[in-house]
There are 2 protein chains.
Amino acid sequence: MTVDRSGRKYFTFAEPPEQIVLESGSRLGPITIAYETYGQLTDDKSNVVLVEHAFSGDSHVASHKSDDDEAARPGWWDSMVGPGKGIDTDKYFVICSNILGGCMGTTGPTVENPATGKPYGLEFPVVTIADMVHVQKKLLDHLGIKQVLCVIGGSVGGMQVLQWCVSYPGMVRAAIPLATTLRHSALAIAFNEVARQAIMADPNWNGGAYYEKSLPEMGLAVARMIGHITYLSDVSMRRKFGRRLQDKSDFSFNFDADFQVESYLRYQGSKFVRRFDANSLLFITKAADYFDLKGSDGQLLNILSRSEIRFLVVSFTSDWLYPTYQSRELVQALKKNGLDVSFCEIEADCGHDAFLLPNTRLDSLIAGFLKGVVEND
Amino acid sequence: MTVDRSGRKYFTFAEPPEQIVLESGSRLGPITIAYETYGQLTDDKSNVVLVEHAFSGDSHVASHKSDDDEAARPGWWDSMVGPGKGIDTDKYFVICSNILGGCMGTTGPTVENPATGKPYGLEFPVVTIADMVHVQKKLLDHLGIKQVLCVIGGSVGGMQVLQWCVSYPGMVRAAIPLATTLRHSALAIAFNEVARQAIMADPNWNGGAYYEKSLPEMGLAVARMIGHITYLSDVSMRRKFGRRLQDKSDFSFNFDADFQVESYLRYQGSKFVRRFDANSLLFITKAADYFDLKGSDGQLLNILSRSEIRFLVVSFTSDWLYPTYQSRELVQALKKNGLDVSFCEIEADCGHDAFLLPNTRLDSLIAGFLKGVVEND
């Protein structure tokens, strides 16, 4: 097993078959999975909390105690994961892996296609949320973990949580889908499609074959700006920016960023292009758009009704990307099948991003739920 | 006066001073205004309804009775404007002009800059909603109209309605701002800024100097797609598209448009580039972003409190670009100053676009309000 200085570990399917069959029917392999772990695995391996990251996240869910700056750097969910926190790493063994199709260590469009010796680019196959979970299952097999105490994640991470319950119900004792949905709505697809079009409109994108040339930075920045608007809310933007001007006493009367909200979006766009791959954005958004656990035949109900998974479903009042009514739809479907479901809509005016932000209510909800799962063993 | 075959008339400031001083302090001129009229002006000129178009509209608010296809083609508000309709052209003399900075006949970035002999492009000055109204005032002066019965418009058109009441309160008897706001919110600015960035990211945009070269079609299409999402609503998109696939029985597993909502957005984007100018989008969105009648000192209140304008304010339940709370803010400000205000929030699930769509409730509201204004003379 490789461990790099950031605390990231790597597992590559080495045994035959080193390929997996994807939902599309295509084959993909070999596949490497980048993952990180926190806390200690108990001897009976009963304390695993599997954290699923959202669209642009990675395996670095929290900082590691380490002298190495890279490993000690802040994680994307430091407020939640750590000793004594909502997901207490003194008690639980946390695993978080980068998703298939991503660009943070797990196989995706940026890595070398063994068939050509060049980065996959658009030759990478379109993967689904089920494919992402399939690959994570391989990682757990490799680690000898037969069941997780809980699988948790928000947004696209929440879709993976739900997919785990459908794909491998016997491996999941409890599940916490946050700020997510059973099926991607037309509105959510629309935003993703415009982000993809922004990237594909950039001549540097070049059909996805840009790795040895100039990157489609302009298109990717616009795509990220669109995303950022959907992560916020009308209220949070009013509070955070209002109509405040950026370093100016009056309007510029040109196309500079007059308002703070404009500077913020431009900054978020330019920051993102330094850390994220444009093709990965295409693949991950497409996987989210394809996500539909309900289908026309109520598939979810049939599969989940055979499981004994306990659920904590959480939504946030100002989330307009995956609004509360979508979580309620999930809760109703689960309850109809006699499953044990707790539901909480948290009052928060910061939009879809609320699940990522420090929130003592969410911390204690999750800590309490996990404790209950352990105690009701 | 020139009249072209589409029914469009043109007025160019011919008398000195042929320039106007803009809010920015810049001077602009000569200025041509494209406008259309419907119905008959009474001898006392007391039956004028001034219609203000929204962002991408034009002077062709309704079709003309004409043998010419161009003049007879549908207008953007045919459901509202015509004989026996909400704005009854058997009773009222309707005037609608293309806005300053637009690209449908009125002076804007596409026309020749007399200083260079080339299209203005980005040398066109940044104009404001007040500048647009200033130019319309010149048109009314030219037509010998001293007062309008009513000024009406939605969205950016609604901003012009409010600006009329502030700039020339003595010339307005009644005002109907629809689906609009007193001040552009951070969310609305954010969407506009991303649309502008999408255009400016297109290498063909070329700093706005593209008229003799390739047009920035890709960037403009993405900008329009962003706009289109904001004009709809979660509910309307669910109803209109849901997750229905486009001409396919299953997913493509590539980056074609799988879903109908994707095809719809792509179509709207490609259609728009055939009729609209990218620089005009920059100028008009900037004018909207600058719009803030309230300011820090409650400017609106002071100016409007000296007027006797009657108001009908209308919002739509699913409009999330200019939500009802923003119309209520306007209503409260007007009432506080003892002005005569009627307010109606119309139940509609089609989002911001609701004001443009056939709606018998809106028709009768407007017809009744106009009748009241005439009778209470």
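Laboratory data are not the source of any read-out in this text; all were calculated from the coordinates shown. The shown structure was predicted, so the numbers you read here are calculated from the model rather than taken from an experiment. Don't worry about glycine lacking a Cβ; one is built from the backbone with ideal geometry, like all the others, and counts go over all protein chains shown.
Brief remarks on what is shown
- Directionally averaged shadow of segment B:23-87, computed from the convex hull of its alpha-carbon atoms, nm²: 7.0 nm²
- All lysines inside 30 Å of residue B:45 as judged from Cα atoms, apart from same-chain residues fewer than 8 positions distant: B:9, B:65, B:85, B:91, B:137, B:138, B:146, B:335, B:371
- Alpha carbon Rg of the protein assembly as shown, scaled by the compact-globule rule 2.2 N^0.38 Å: 1.05
- Sum of -39500 (n - 2.57) over DSSP H runs of 4+, divided by residues of chain A (222 nm, nearest 500): -10500 deg cm²/dmol
- Theoretical gain in end-to-end length, residue A:238 to residue A:275 [0.36 nm per residue, Cα-Cα removed]: 10.5 nm
- Cα shape, segment A:55-127, gyration tensor, a/c 1.5 rule: prolate
- Exposure proxy ranking, count of Cβ atoms within 10 Å, fewest first, for A:342, A:97: A:342, A:97
- Computed from the alpha carbon positions, the gyration tensor of chain B leads to an equivalent ellipsoid with semi-axes of 31, 26, 21 Å, biggest first.
- Between residue A:357 and residue A:18, the simple spin-label model (points 7 angstrom out along Cα→Cβ) gives 4.6 nm.
- Only Lys, Arg (+1) and Asp, Glu (-1) charged, at Cβ; the protein assembly as shown dipole about Cα centre in debye: 600 debye
- For residue A:78 and residue B:138, the FRET efficiency from 1/(1 + (r/R0)^6), where r spans their Cβ atoms and R0 equals 60 Å, is about 0.50.
- Whichever lysines have a C-alpha closer than 20 Å to that of residue A:213, once near sequence neighbours (fewer than 8 apart) are set aside: A:118, A:271
- Counting all C-alpha pairs of segment A:189-286, share separated by more than 23 Å (%): 34 percent
- Electrostatic dipole magnitude of chain B [Cβ: Lys, Arg +1; Asp, Glu -1; Cα centre; debye, to 20]: 380 debye
- Axial C-alpha extent at least 30 Å, average Kyte-Doolittle at least -1.0 - helices from chain A (DSSP): none
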